[in-house]
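The values are calculated or read from the model by the stated rules, or taken from the named source; none is laboratory data. Since this is a predicted model, take the numbers as computed values, not measurements. Glycine gets a Cβ as well: all are built from the backbone with ideal geometry, and neighbour counts include every protein chain shown. Ligands, DNA and RNA are stripped out before the accessible areas are found, and what is left, the full protein with its side chains, is counted by its heavy atoms. Shrake-Rupley method; radii C 1.70, N 1.55, O 1.52, S 1.80 Å.
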Amino acid sequence: MHNAAQTMKAVVYDGKGRIELADRALPRIAEDTDAIIRVTHSSICTSDLHIIHGAVPRALSDTVLGHEFVGIVEEVGSAVKAIAPGDRVAVNVETFCGECFFCKRGYVNNCVQGGWELGCRIDGCQAEYVRVPFADNGCTPIPESVTDEDALFLGDVLATGYFGAEIAEITPGDTVAVIGAGPVGLCAMMCARAFGATTIIALDIDRSRLDRASREGIADIVLDPNEIDPEETVRALTEGRGADAVIECAGTPATFETAWKIARPNAVVSVMALYEEDQVLPLPKMYGKNLVFKTGGVDAHCLGRVMALIEAGRIDTTPLITHRFPLDRAMEAYRTFEAHEDGCMKVVLTPIGE
């Protein structure tokens, strides 16, 4: 590696609800399938906040946070074939072996040797360097015409939005309702469009997020459930039927209820949100709607395909970026992100000195 020092700066979670910018030893190749990536852009995600708040029991203490990033390959293990030092890559939030029962069927977030590991159970990307296990599976080369910021969200929020749209069984001409106009919701809207949806309805109680969805052309219709009855309004917009597919990206009891209410009979409700408590399916009220519920979270099994959509200009996630901070101001970045200061949606962390 090119760093002459033996330490680096990193955002470290202590397991007790606190984070700090600390000195850490540089990561090293541990398995022949590893790669070491020099981080050029990383982000802060809501799931990082969930870890800090104790809502992710799998998360381990004394771990470097972060799982959404791009960078330059510095070093690879002897078994790595798909990438080489000097390559620009976007890294998958999912660590997966590619060989187990689940991986072979495309269910990579259920890999018996992985799942969400980076920034949760092993050191993540809010640092200067990071070790990526199973690097041939975890790294997607970035085409020359695609910038680092274009590709930054590929491995997490965009992969989540894509998965949510994919399992919603969208067909050309559909009306798709997306609950939550945050980063994942906006990505789900973009991907629903790529799957052929004609009308995208965005629901959120944050007017600035709805304005962004409308201004950027990501949604066709924006609704604030505090101002209207979402079920009645969506029905009125769909000749009384309800949405052909619903993607739930908000994660509250109210939005879970809204999701099944605004879906037309025989629709798919794609539940991508990360909840902090159990939800209830009121089956007597739902009787006869014949709904299919699909639960997700990220399943980043097709990032080459999604990268091609970025390269072709069919998906552009850069409007999600509202703030940029160098890594040495990461604590300030976290405060800004959690408080939604100045309309903060996605924070990009750049190398110290840039």
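Points worth noting:
- Each residue of the stretch 20-36 is assigned a 3J(HN,Hα), and the resulting list reads 8, 8, 10, 7, 10, 5, 4, x, 10, 4, 10, 10, 6, 9, 7, 9, 9 Hz, derived from the Karplus form 6.51 cos²θ - 1.76 cosθ + 1.60 (θ = phi - 60°), x at Gly and Pro.
- Per-residue ellipticity at 222 nm from helix content only, as computed over the chain with -39500 (n - 2.57) for each DSSP H run of at least four residues, stands at -6500 deg cm²/dmol.
- Highest-MSF residue in the chain out of ALA168, ALA236, ALA188 [GNM, Cα springs under 10 Å]: ALA236
- For the chain, radius of gyration divided by Kirkwood radius, i.e. Rg to Rh on alpha-carbons: 0.97
- 14 Å cut-off, amide nitrogen to a point 7 angstrom out along GLU354 Cα→Cβ, residues in the stretch 105-145: 126-130
- The stretch 57-132 and the stretch 146-166: distance between their alpha carbon centers, rounded to Å: 15
- Highest-fluctuation residue, ARG28, ARG207, ARG335 considered, GNM on the chain with Cα pairs under 10 Å: ARG335
- Take the Cα radius of gyration of the stretch 180-305 and divide it by 2.2 N^0.38 Å, N being the number of residues; the result is 1.02.
- Dipole magnitude of the chain about its Cα centre (Cβ charges: Lys, Arg +1; Asp, Glu -1), debye to nearest 20: 520
- Relative contact order of the chain, pairs being alpha-carbon contacts under 8 Å that are 6 or more residues apart, as %: 17
- Lysines with Cα under 23 Å of LYS346, excluding same-chain neighbours fewer than 8 positions away: LYS9
- Calculated from backbone phi, Karplus (6.51, -1.76, 1.60) coupling profile of the stretch 77-91 in Hz, x at Gly/Pro: x, 5, 8, 7, 10, 7, 9, 9, x, x, 5, 8, 9, 9, 10
- Working note: Karplus 6.51/-1.76/1.60 with θ = phi - 60° gives the stretch 161-177 the couplings x, 5, 4, x, 6, 4, 7, 6, 6, 5, 10, x, x, 5, 9, 10, 9 Hz, where Gly and Pro are set to x.
- Between ARG324 and THR295, residue separation times 0.36 nm minus the direct Cα-Cα distance comes to 7.2 nm.
- Computed in the context of the full set of protein chains, the accessible area of the stretch 146-216 at 1.4 Å probe radius has 50% of its extent on carbon or sulfur.
- In the chain, the longest principal axis of the Cα atoms and the axis of helix 253-262 are about 50 degrees apart.
- Carbon + sulfur, % of accessible area of the stretch 64-121 - ligands and nucleic acids excluded, 1.4 Å: 48
- Residues whose amide H lies under 5 Å from that of GLU75, counting only those 5 or more places away or on a different chain, are ILE36; hydrogens are built 1.01 Å from N in the peptide plane.
- Acute angle (nearest 10 degrees) that the helix 183-194 long axis makes with the longest principal axis of the chain, alpha-carbon atoms: 70
- Cα-based helix-to-principal-axis angle, 330-339 vs the chain, degrees rounded to 10: 10
- GNM on the chain, alpha-carbon springs under 10 angstrom: the most fluctuating residue among ALA59, ALA127, ALA308 is ALA308.
- Extending 7 Å from Cα along the Cβ direction at ILE228 and again at ARG335 yields two label points whose distance is 3.9 nm.
- Surface per residue (accessible, 1.4 Å probe) for the chain, Å²: 42
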